[in-house]
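The structure under discussion appears below in the form of structure tokens.
The values are calculated or read from the model by the stated rules, or taken from the named source; none is laboratory data. What you see is a predicted model, and the numbers here were worked out from it, not measured in a lab. Cβ placement follows ideal geometry from the backbone for every residue including glycine, while neighbour counts extend to all protein chains displayed.
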């Protein structure tokens, strides 16, 4: 590419930036935010047409229409129905709809928070374009290295500003919906927290004498469509800036796509945890709120946590910890030698053993309930945590051996061989040479078994009778019993049960991959 | 060779002994009991009686819900294992690249793995409630939808949700297995491929995929077993309702054993499941081992 | 084989297997209690209302008896009991809904063996009758509940309905009026056909149509015309959009929640509904009425009763030990039904009592109880004394759920009838 071409390209991208700026100004001037509000809606059961009650009701509806003038429209529906006794009933419904529009500028002037957001977004785009021009000129005039540096930094600032504007558009949409997409009756009963916001919204849309009593609903779809257009325009602006900055649009897009994918992934994965968190600190009323009033608790009920602590949860957590630690210990004591043999020794029946290990996983614990329970009775381990420890250790053998074997294989055996030639026993070689080297893999396996045991549910349900010996997974079922689900307590307890495990898992995350590496290589 | 000096022929077996004993006592012995029970008469209250031959198996197969449940089980295993492998592969490839904040993202991806299935299932059960579920709440408050949506409008849809929860909790395992495979690939292979003029897809097809396959094989076998045996998700969300239309084999046999008090047929069903599982994973293992040798 | 394995285990891990001392002196009773709500566990084991709990008080009063008492969720209790029975680990005392299967399989001991006479005479005779098979009483009632129609007065009035529906035809009228008025924002009728309690729905409609599980002679008769009509009516309500959208997975408690927050206009629920609504923070104006019935049939409440029963000892006991055990069980019952304990237990989750001596004290606590006890007097109960009851229960649930997705009701009930009378 010649220098001329390069400059021409740059001109083109700068044009795009300007064009998007112009477009956004036009879009903000158009009266695109249309509101289709039902300002009055009332149904009257058992009201025959032309009866006294009907005339009264209609007069009320017409009164409600008055302040809105031309914009308002009265809609009347009459439903006749004959019931099983042959009586006819009549229901009339009056609905006053108002349709009007606003443009972006008036929104910015409104003093609504969403208006401020829009203002900031627009301001960012203006500033971004300004920076783009500045950097472009300085880049043209002075050709030394230092000037390029300055130019790059300005462009970077422009990109960031444009990105901020881009992200603010959905925030604006969300807040606008938060302001307008609701029913007034909610304001009138207990919605004290939202009252100022709603009041502001009403002030923006209606004059003093206009009083939308019964309903107050939404930005129309049209406006939402234009919001997406605004979003697209800002996106164009950003692309123009990125092109000015780097030139490699494909790479930029790909990177962008990657990050979008990562963000989507994180949002999806974190969503249930978010739900767990916010529901765990709600009041029971809000946890079952059928009018969907609040995303976040209006009041964080931290005492949910203390309530469940008083209902045996600390004991359950302790039991779970003992149980998991014990199971881990035994699983490792049995698993390390086996994995060592599998990794370092050649012998007949290696495949058969592997088959045996995999087979041992093929029965679900649920299916084995009867068998396990009988075994425990035979061993006099019924209703003991010790019994659960052995069961969990056994059910985790396969995974432990698989992981450990992978770890051992990935470590060269030269040092052990040398030690063996020097006369060290195999046990000594394992203990003194291999284990220290395999520490990360062993920690991974440890925590893995720990977590699996921590999360086990079905067997514990049947094996453990005494409440004080129950692990946490069984213990929290008291909040979701057949009789009543106490969502707020259930999730508060779930939070307590999950948190330690997640922390542990995050600790080993780094080693998890290396632990799994080559674990899968050839059975 | 990667092996150490072994003094006696029997020494390896000594090393294996503890793990064999542990599994023998605590897994194989219960399995044996279950096998024995599947041939015994068990009274509705649970008292174990006499040997009845294949009577229980006959009853299990003649169960009116058997056919539907087998189909469900097939859909359940194939969709959960299939989709979680597909998505897990994508996530692994994504996380194998240089990304800002990759460490944090990786930690986040393990979350579902670290959470008990009962808890996961309860959360999702809450999320998709029509009248007060959190999904409707969030979407309504963000203005994405105008009216609450019934996310569980029919049992087919509910079953799809159960599959989704299954996929959700399985993704991390697959992701990390494949990630392990990806990280063990020597970059020299890619360099060689680049020299040969291979494109991105060809690199994936001829370098990445074959080298990741061993990890994939193991994770898939383990997944088939775990997913087939998965119980809390369906039990928490629908309990198989309506009329066993959303049951898989495991939940059906639980319902039969403990709600309908037909423990005999239920244990027979579990033995059938065991055999099916052995055959399926056996076939899969043999075929993919053979492929690897090629 | 088993012993060998046990030995191997001991040798292998050198774990001192917890030795169970079988010292004879204190009798230990394994007791299983079902979880009736958020307070049950606390009342029995935790720090109950007055900082003490039942087990502690009992053991203080009877130092020679040790209680190993568990409170198990209704979700798991059948699993736990069945597994324990299979392994010869049945509890000594069990609190559950059904007893007939255990009695016919000869697992229980008759009530007369352990229950002191004056306590036995204290139970409502109509309750005791329902635990009798061939003249032998196998269980004693621990509490009861009765169901009635709850309706949201405000919702109904606004939709132009003055009185709650009495007949099925009126019920459909009211449902339609509510649909017309609220356009789907309010569910007119709460319905529960879940695996948990679908048999109750069957009873509401079948009994309201002169049908039922058994005929006059007490023989199973589930596939009669009236029952088919009843289920058809119920499914019809669903198909016309009068009910909550997912009756196969929405339990009675889901319906109660919806009723409490004004989402459902009418629901059939037990006497503890007012407390439930209060606990859930519901602020609604509701009334109670009889469950609607078909024209020409009579309305009656549906009663539900749970029981306490004693299992045979797990190991052979000599005469003296048997006597000590029975005495201990008797002491447990006596203590449990002692006025102050029993009143606490019943009022804790707002249930209805099963013994005469508690009535006066309970009415004092909650005057509504008087009306409810009258309702209970007219209530019909499930035929739980028949050993096939569990099959019937699961069977009618399956038929109803099948019908929800278009199954044939008559054929389903025919098949069920054939299965249980075979």
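Worth pointing out:
- Any hit, region A:331-344, residues being in contact with a helix residue (DSSP H, G or I) (Cβ under 7 Å, 6 or more places away or on another chain), closer than 23 Å to residue B:121 by Cα and modelled with pLDDT of 85 or more: no
- Residue C:154 being modelled with pLDDT of 90 or more and either over 24 Å from residue A:91 (Cβ atoms) or within 14 Å of chain A (Cβ to nearest Cβ) (or both): yes
- For region B:183-193, the criterion of being closer than 21 Å to residue A:448 by Cβ and within 12 Å of another protein chain (Cβ to nearest Cβ) is satisfied by at least one residue.
- Restricting region C:236-250 to residues that are more than 24 Å from the chain's Cα centre (by Cα) and touching a residue at least 60 places away in the same chain (Cβ under 8 Å), the residue that is nearest to residue B:238 (Cα to Cα): C:238
- Taking region C:283-292 as the range and being buried (at least 21 other Cβ atoms within 10 Å of the Cβ) and over 16 Å from residue C:190 (Cα atoms) as the test, no residue passes.
- Of all positions in region A:264-283, at least one carries a residue that is at pLDDT 85 or above, within 14 Å of chain C (Cβ to nearest Cβ) and either under 30 Å from residue A:476 (Cβ atoms) or under 26 Å from the mean Cα position of the chain (by Cα) (or both).
- Residues located in region A:296-308, provided they are surrounded by 16 or more Cβ atoms within 10 Å (Cβ to Cβ) and without any contact (Cβ under 8 Å) to a residue 24 or more places away in the chain: A:297
- From B:71, B:108, residue being farther than 28 Å from residue A:355 by Cα and at pLDDT 90 or above: B:108
- Residues of region B:98-143 satisfying the condition of being in a loop (DSSP other than H, G, I, E, B) and more than 7 Å from chain A (Cβ to nearest Cβ): B:98, B:100, B:101, B:128, B:129, B:130, B:133
- With respect to being surrounded by fewer than 18 Cβ atoms within 10 Å (Cβ to Cβ), in the same structural domain as residue C:271 (by TED's automatic domain parsing) and in contact with a helix residue (DSSP H, G or I) (Cβ under 6 Å, 6 or more places away or on another chain), residue C:210 fits the description.
- On inspection, residue A:312 passes the criterion of being more than 13 Å from chain B (Cβ to nearest Cβ), in contact with a helix residue (DSSP H, G or I) (Cβ under 9 Å, 6 or more places away or on another chain) and at positive phi.
- Subset of region A:326-348 (residues that are facing another protein chain (nearest Cβ under 7 Å), over 40 Å from the mean Cα position of the chain (by Cα) and surrounded by fewer than 18 Cβ atoms within 10 Å (Cβ to Cβ)): A:346, A:347
- Residues being without any contact (Cβ under 8 Å) to a residue 24 or more places away in the chain, surrounded by fewer than 23 Cβ atoms within 10 Å (Cβ to Cβ) and more than 18 Å from residue A:315 (Cβ to Cβ) - total across region A:473-509: 8
- Selected residue (criterion: surrounded by the most Cβ atoms within 10 Å (Cβ to Cβ)) from residues of region B:41-60 that are under 16 Å from residue C:88 (Cα atoms) and in contact with a strand residue (DSSP E or B) (Cβ under 7 Å, 6 or more places away or on another chain): B:42
- Of the residues making up region B:62-79, just one is more than 17 Å from residue B:240 (Cβ to Cβ) and in contact (Cβ under 8 Å) with a residue 40 or more places away in the chain, namely B:79.
- Checklist (1) part of a helix (DSSP H, G or I); (2) farther than 25 Å from residue A:354 by Cα; (3) touching a residue at least 12 places away in the same chain (Cβ under 8 Å) applied to residue B:285, failing item: (2)
- Among (1) at pLDDT 80 or above; (2) surrounded by fewer than 17 Cβ atoms within 10 Å (Cβ to Cβ); (3) in contact with a helix residue (DSSP H, G or I) (Cβ under 9 Å, 6 or more places away or on another chain); (4) more than 12 Å from every other protein chain (Cβ to nearest Cβ) - the single one residue A:247 does not satisfy: (1)
- Condition check for residue A:323: closer than 30 Å to residue C:85 by Cα and either surrounded by fewer than 18 Cβ atoms within 10 Å (Cβ to Cβ) or touching a helix residue (DSSP H, G or I) at 6+ places or on another chain (Cβ under 6 Å) (or both): yes
- Just one of the listed residues (A:80, A:44) is modelled with pLDDT of 85 or more, in contact with a helix residue (DSSP H, G or I) (Cβ under 7 Å, 6 or more places away or on another chain) and within 14 Å of chain C (Cβ to nearest Cβ), and it is A:44.
- Scanning region B:219-262 for residues that are under 18 Å from residue B:61 (Cβ atoms), part of a helix (DSSP H, G or I) and more than 18 Å from the chain's Cα centre (by Cα) gives B:255, B:256, B:257.
- In the set A:74, A:60, only one residue is more than 41 Å from the chain's Cα centre (by Cα), in a helix (DSSP H, G or I) and either in contact (Cβ under 8 Å) with a residue 12 or more places away in the chain or surrounded by fewer than 16 Cβ atoms within 10 Å (Cβ to Cβ) (or both); that residue is A:60.
- Here region A:435-455 is the region considered, the condition is being facing chain B (nearest Cβ under 10 Å) and touching a helix residue (DSSP H, G or I) at 6+ places or on another chain (Cβ under 6 Å), and the residue that is nearest to residue A:317 (Cα to Cα) is A:454.
- In region C:293-325, the residues that are surrounded by 15 or more Cβ atoms within 10 Å (Cβ to Cβ), out of contact with any strand residue (DSSP E or B) (no Cβ under 8 Å at 6 or more places or on another chain) and farther than 29 Å from residue C:393 by Cβ: C:322
For every residue, the table says whether it meets (1) buried (at least 19 other Cβ atoms within 10 Å of the Cβ); (2) free of Cβ contacts under 8 Å to residues at least 60 places away in the same chain.
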| residue | (1), (2) |
| --- | --- |
| C:328 | yes, no |
| C:338 | no, yes |
| C:380 | no, no |
| C:383 | no, no |
| C:386 | yes, no |
| C:395 | yes, no |
